[in-house]
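Chemist: A single structure is presented below for examination.
The values are calculated or read from the model by the stated rules, or taken from the named source; none is laboratory data. Since the model is a prediction, treat every value here as computed from it, not as a measurement. Neighbour counts run over all protein chains shown; Cβ positions are idealised from the backbone, glycine included.
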2 protein chains.
Amino acid sequence: MTDPAAVDAPARRGRPGHDQQTVLRRAIDLFNEQGYDATSMGDLARELGLTKSAIYHHVPSKSHLLAEALDEALDELTAVVEEGVAPADGLGGEDQTAIARLRRTVRRSVEVLVAHQPAVTLLLRVRGNSDVEQAAQRRRRELDARLAGLVREAMAEGSLRDDVDPDVVSRLLFGMVNSLVEWYRPGGSADVELLSHAITAMAFDGLDAHQS
Amino acid sequence: MTDPAAVDAPARRGRPGHDQQTVLRRAIDLFNEQGYDATSMGDLARELGLTKSAIYHHVPSKSHLLAEALDEALDELTAVVEEGVAPADGLGGEDQTAIARLRRTVRRSVEVLVAHQPAVTLLLRVRGNSDVEQAAQRRRRELDARLAGLVREAMAEGSLRDDVDPDVVSRLLFGMVNSLVEWYRPGGSADVELLSHAITAMAFDGLDAHQS
């Protein structure tokens, strides 16, 4: 028997990104399936067909993997929120209104959730049980605050009804978007376009047939 | 030192419901904080100031506690859904329409989520890692199917817009309701009335200022 770590090493040097990504993807899936705290590096090694010592050739620690996964989700969501809060220079007047930017932010969030579903699922389940989780929660709270600010802006410009609390609206709106990760299955009947349409139709125009 | 189990036993016999409830509440909180799989009966015993053997005087097993917690949430939600799907005899014509029953189901779901937040939080995080979890998932799927049926009924009677998929609408609508458990804090600024208003306003009438 050869040592799997030794066998694996040349390939790893040849394709440095590939193996790291494989390990990260499997780790995220395992964390989502059995919970981060209940998953050991031994579980991950078994899943990958590596020995427990070999896994440490790929990643320094379990919390390192968690941090990478959470950063993936947070970086993507941050990009969406930044685009929504401070619009790109190229966009014209109509597209610069707060309501247009809010609608775009909802749509882009759906795209990120679908494209990065496992990492976002992990992010949404974080409980703050470690420094890594607490740092992620802080970043999430910042994003939530900026989204609430965008909702407030849309109310101030008169394009969103203002008989509802902007913080509550923001939480419910993105709570609805986030709920996707629990049931959306890639390749299922609900594609991204259809989801975006359903969410914006419900949230902005309402489901009531008598007003649409 | 006396054995905590021995000290506890008379009180337990005197108030049979009380101690069981205390153990269950603490268990639910611990499961939510650190994850069910990562929580041991030893953790729970420590939390309650009992020895590990004493805890088994109160409950036969960890999965027994999980089943009780999930049943609590599912029984409450089932009652809400049954009321919505098959309306009470006492209600008049207007209140019997599918849209009226759907609105009532949303409102009552919010009440259940607020009143049973810890148990519902646990239910929503279940991953199907054991027989108990799989049984809970089956019951949840049944509820989801009945809610989707109610949405379909409201579309058929012409009171809900039908350019959106009823299954997607149902999932998004109750996904929005369920998202409450992640951020609602009892005694916070958002009380149940306000939450119900915000959810029904957004979902049925829409946030757009120009049509409300």
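Chemist: Out of A:Arg171, A:Arg161, A:Arg146, A:Arg139, report the one residue that is in contact with a helix residue (DSSP H, G or I) (Cβ under 8 Å, 6 or more places away or on another chain), within 27 Å of A:Asn32 (Cβ to Cβ), charged (D, E, K, R) and facing chain B (nearest Cβ under 9 Å).
Modeler: Checking each option against the conditions leaves just A:Arg171.
Chemist: Still on this structure, please answer the following. Tell me, which residue of region A:29-46 that is away from chain B (no Cβ under 14 Å) and within 24 Å of the chain's Cα centre (by Cα) is nearest to A:Glu133 (Cα to Cα)?
Modeler: A:Met41
Chemist: Considering every residue within region B:11-28, establish whether at least one is crowded, with 16+ Cβ neighbours inside 10 Å, in contact with a Phe, Trp or Tyr (Cβ under 8 Å, 6 or more places away or on another chain) and either modelled with pLDDT of 95 or more or assigned to a helix (DSSP H, G or I) (or both).
Modeler: So far as region B:11-28 goes, no, none of its residues is crowded, with 16+ Cβ neighbours inside 10 Å, in contact with a Phe, Trp or Tyr (Cβ under 8 Å, 6 or more places away or on another chain) and either modelled with pLDDT of 95 or more or assigned to a helix (DSSP H, G or I) (or both).
Chemist: Is it fair to say A:Leu180 is within 13 Å of chain B (Cβ to nearest Cβ), within 17 Å of the chain's Cα centre (by Cα) and of a type in the set (A, V, I, L, M, F, W, C)?
Modeler: yes
Chemist: Is there a residue in region B:83-103 that is charged (D, E, K, R), farther than 19 Å from B:Asn178 by Cα and assigned to a loop (DSSP other than H, G, I, E, B)?
Modeler: Yes; the residues of region B:83-103 include at least one that is charged (D, E, K, R), farther than 19 Å from B:Asn178 by Cα and assigned to a loop (DSSP other than H, G, I, E, B).
Chemist: For region A:110-136, give me each residue that is within 20 Å of B:Leu180 (Cβ to Cβ) and more than 13 Å from chain B (Cβ to nearest Cβ).
Modeler: Scanning region A:110-136 gives a single hit, A:Val120.
Chemist: Of the residues that make up region B:58-73, is at least one of a type in the set (A, V, I, L, M, F, W, C), in contact with a strand residue (DSSP E or B) (Cβ under 9 Å, 6 or more places away or on another chain) and assigned by TED's automatic domain parsing to the domain that holds B:Arg185?
Modeler: No, every residue in region B:58-73 fails to be of a type in the set (A, V, I, L, M, F, W, C), in contact with a strand residue (DSSP E or B) (Cβ under 9 Å, 6 or more places away or on another chain) and assigned by TED's automatic domain parsing to the domain that holds B:Arg185.
Chemist: Next question, about the same structure. The conditions are (1) modelled with pLDDT under 95; (2) among the basic types (Lys, Arg); (3) surrounded by fewer than 19 Cβ atoms within 10 Å (Cβ to Cβ), and A:Arg161 fails exactly one of them. Which is it?
Modeler: The single condition A:Arg161 does not satisfy is (3).
Chemist: Of the numbered conditions (1) touching a residue at least 24 places away in the same chain (Cβ under 8 Å); (2) under 28 Å from A:Arg125 (Cβ atoms), B:Ala148 satisfies every one except a single condition; which is it?
Modeler: Only one criterion is unmet by B:Ala148, namely (1).
Chemist: Among (1) in contact with a Lys or Arg (Cβ under 6 Å, 6 or more places away or on another chain); (2) farther than 22 Å from A:Asp37 by Cβ, which single condition is B:Gln20 missing?
Modeler: Result: B:Gln20 passes all but (1).
Chemist: Return the only residue of A:Arg127, A:Arg139, A:Arg146 being farther than 15 Å from A:Leu70 by Cβ, over 11 Å from the mean Cα position of the chain (by Cα) and not assigned by TED's automatic domain parsing to the domain that holds A:Thr39.
Modeler: A:Arg146
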